[in-house]
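Written out below as structure tokens is the structure these notes cover.
The values are calculated or read from the model by the stated rules, or taken from the named source; none is laboratory data. This structure is a prediction, so every number in the text was calculated from the model and none was measured. Backbone-built Cβ (ideal geometry, glycine too); neighbour counts: all protein chains shown.
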């Protein structure tokens with residue numbers, strides 16, 4: 001702890017950790033969805049999470065973002081213990097997330113969808129209008145500002161979700177399978193957007209994805225979950241050559257990138 005009582009941890013080369021889970025577990029009755037998960041995300045990195053269906057990936061996101069509390073363990077974000085905080089309080093601290101199924105206000109315009117995020121982030125008056133405009137410009141959504149969200153294609157809908165998250169002023173953006181349903185061209189464009197957010201907005205990104213090649217390509221580090229447990233973490237290409245990962249997630253390994 002520092003002299004303010006905050007829990008500060010540092011990773012490689014003295015880089016500050018923006019997120020840590022410590023022995024986090026989650027049970028639903030007799031089902032162990034997460035088992036002693038230790039996760040450390042460095043400030044400024046893109047961190048990938050992969051694993052088979054039912055591995056516990058979305059459960060981990062739900063626990064971190066406050067959708068429900070862990071059964072055991074501790075979660076620290078930006079030096080603050082958020083283990084028992086509600087989702088809206090966690091968001092106010094600077095941690096936001098998207099969902100596998102895009103969540104927008106279908107009857108509202110793109111502008112008003114982003115306004116919801118900016119308002120929730122505490123922006124008012126001229127600051128509110130500027131924040132919305134900046135987010136629309138940054139994600140090339142200005143041409144859609146007056147379009148109802150229900151009239152957007154899937155790719156643009158995902159960008160609107162990103163814009164609403166960025167409008168809150170987040171420092172950590174969590175993306176839950178953001179590439180689902182996109183064409184290969186759209187996947188490449190979306191990954192470019194993720195990198196742009198990471199570099200130009202100074203936003204740390206935590207991303208769950210099933211498309212392994214894309215996750216390896218975009219991530220600085222990667223973690224593999226299996227049956228709620230961490231089985232490997234580190235450099236993405238090294239992780240995917242871990243024999244245990246090959247056994248439980250990648251079959252015979254013939255298609256390893």
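Observations, loosely collected:
- Taking segment 82-129 as the range and being in a loop (DSSP other than H, G, I, E, B), out of contact with any strand residue (DSSP E or B) (no Cβ under 8 Å at 6 or more places or on another chain) and within 23 Å of residue 63 (Cα to Cα) as the test, the residues that pass are 84, 85, 86, 101, 102, 103, 104, 121.
- Just one of the listed residues (162, 136, 128) is without any contact (Cβ under 8 Å) to a residue 40 or more places away in the chain and either within 21 Å of residue 206 (Cα to Cα) or buried (at least 21 other Cβ atoms within 10 Å of the Cβ) (or both), namely 136.
- Boolean, residue 27 is more than 23 Å from residue 236 (Cα to Cα), at pLDDT below 95 and assigned by TED's automatic domain parsing to the domain that holds residue 217: no
- Residue match in segment 51-61 (condition: free of Cβ contacts under 8 Å to residues at least 40 places away in the same chain and touching a strand residue (DSSP E or B) at 6+ places or on another chain (Cβ under 8 Å)): no
- All conditions in (1) assigned by TED's automatic domain parsing to the domain that holds residue 163; (2) surrounded by 15 or more Cβ atoms within 10 Å (Cβ to Cβ); (3) over 13 Å from residue 164 (Cα atoms) hold for residue 107, with the sole exception of (2).
- Across segment 190-198, a minimum of one residue is classified as in contact with a helix residue (DSSP H, G or I) (Cβ under 9 Å, 6 or more places away or on another chain), closer than 25 Å to residue 80 by Cα and crowded, with 20+ Cβ neighbours inside 10 Å.
- Scanning segment 52-81 for residues that are surrounded by fewer than 19 Cβ atoms within 10 Å (Cβ to Cβ) and either assigned to a loop (DSSP other than H, G, I, E, B) or in contact with a helix residue (DSSP H, G or I) (Cβ under 8 Å, 6 or more places away or on another chain) (or both) yields 52, 53, 54, 67, 68, 69, 71, 79, 80.
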